[in-house]
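Worksheet for the structure shown next.
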Amino acid sequence: MALRQIVTIPESVLRRKARKTTNFGPELQTLIDDMVETMREAPGVGLAATQIGESLRVIVVEFGDEENEDTPPKLYVVVNPEIARSSSEQLMGIEGCLSVPGFAGDVARSNNVTIKAQNRQGRSLRIKAEGWLARIFQHEIDHLNGILFIDRADRVWQAEGPATQAIPRDV
């Protein structure tokens, strides 16, 4: 496993739709392991392959039980994810992104989603997620489609430092 460089705006890979993953061999397994290590080191709760410069439809998500902090977080390795269903109920939440450092924004997301995908061995899987876990999956899948949270945000602000400053929407 190795730490990978997280790319930031305005890198063009962040704005391109990622390619479907068809080879589940050793190279993909190394990429996944590197993504998990990079996400944890960042630290983050999710990472898309595009965020480390790889235009492949792969995400990793690690999130704990919101109601029980003593439960260790669960790691999800998701290949070729698609949102199969999403609730019409949307909740506003504050998001940030490792690829948009120093900024945060108010983003409305579906409260419940069902993800159709493959696991790291290529077997089909379905994940039902709600609340913050659903938000994380939507955020990471957006990355695979060239969409950043700043594109969906009602309001974006500088999250670090004393000043509040808007980020241009065209980055």
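Just so you know, all these numbers are worked out from the coordinates, no wet-lab data involved. In this text the structure is predicted, and so the values were computed from the model without any measurement. Counting neighbours? That spans all protein chains shown, and the Cβs are built from the backbone with ideal geometry, glycine included.
So which residues in the stretch 47-59 are part of a strand (DSSP E or B) and β-branched (Val, Ile, Thr)? Lay out the reasoning, then the answer.
Taking the stretch 47-59 first, the residues part of a strand (DSSP E or B) are 47-48, 56, 58-59.
Within the stretch 47-59, VAL58, ILE59 meet the criteria.
Of the residues GLU41, GLU67, which is of a type in the set (Asp, Glu) and within 23 Å of GLN5 (Cβ to Cβ)? Walk me through how you get there before you give the answer.
On the way: GLU67 fails: within 23 Å of GLN5 (Cβ to Cβ).
Sole residue among the options that is of a type in the set (Asp, Glu) and within 23 Å of GLN5 (Cβ to Cβ): GLU41.
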GLY44 vs. criteria in a strand (DSSP E or B), under 16 Å from the mean Cα position of the chain (by Cα) and of a type in the set (Gly, Ala, Ser): no
From the list GLU62, GLU54, GLU41, which one is among the acidic types (Asp, Glu) and exposed (fewer than 15 other Cβ atoms within 10 Å of the Cβ)? GLU41
When you scan the stretch 1-37, how many residues do you find that are of a type outside the set (A, V, I, L, M) and in a loop (DSSP other than H, G, I, E, B)? 13
Scope the stretch 65-101; condition loosely packed, with under 14 Cβ neighbours inside 10 Å and under 22 Å from LEU28 (Cα atoms); matching residues: LYS74, LEU75, GLU82
Residues of the stretch 1-16 being loosely packed, with under 15 Cβ neighbours inside 10 Å and in contact with a helix residue (DSSP H, G or I) (Cβ under 7 Å, 6 or more places away or on another chain), which ones? MET1, ALA2, LEU3, GLN5
I'm trying to understand the selection: among the residues of the stretch 102-125, which are touching a helix residue (DSSP H, G or I) at 6+ places or on another chain (Cβ under 7 Å) and either polar (S, T, N, Q) or loosely packed, with under 15 Cβ neighbours inside 10 Å (or both)? SER110, ASN111, ASN112
If we keep just the residues of the stretch 126-144 that are buried (at least 23 other Cβ atoms within 10 Å of the Cβ) and charged (D, E, K, R), which is farthest from VAL7 (Cα to Cα)? ARG135
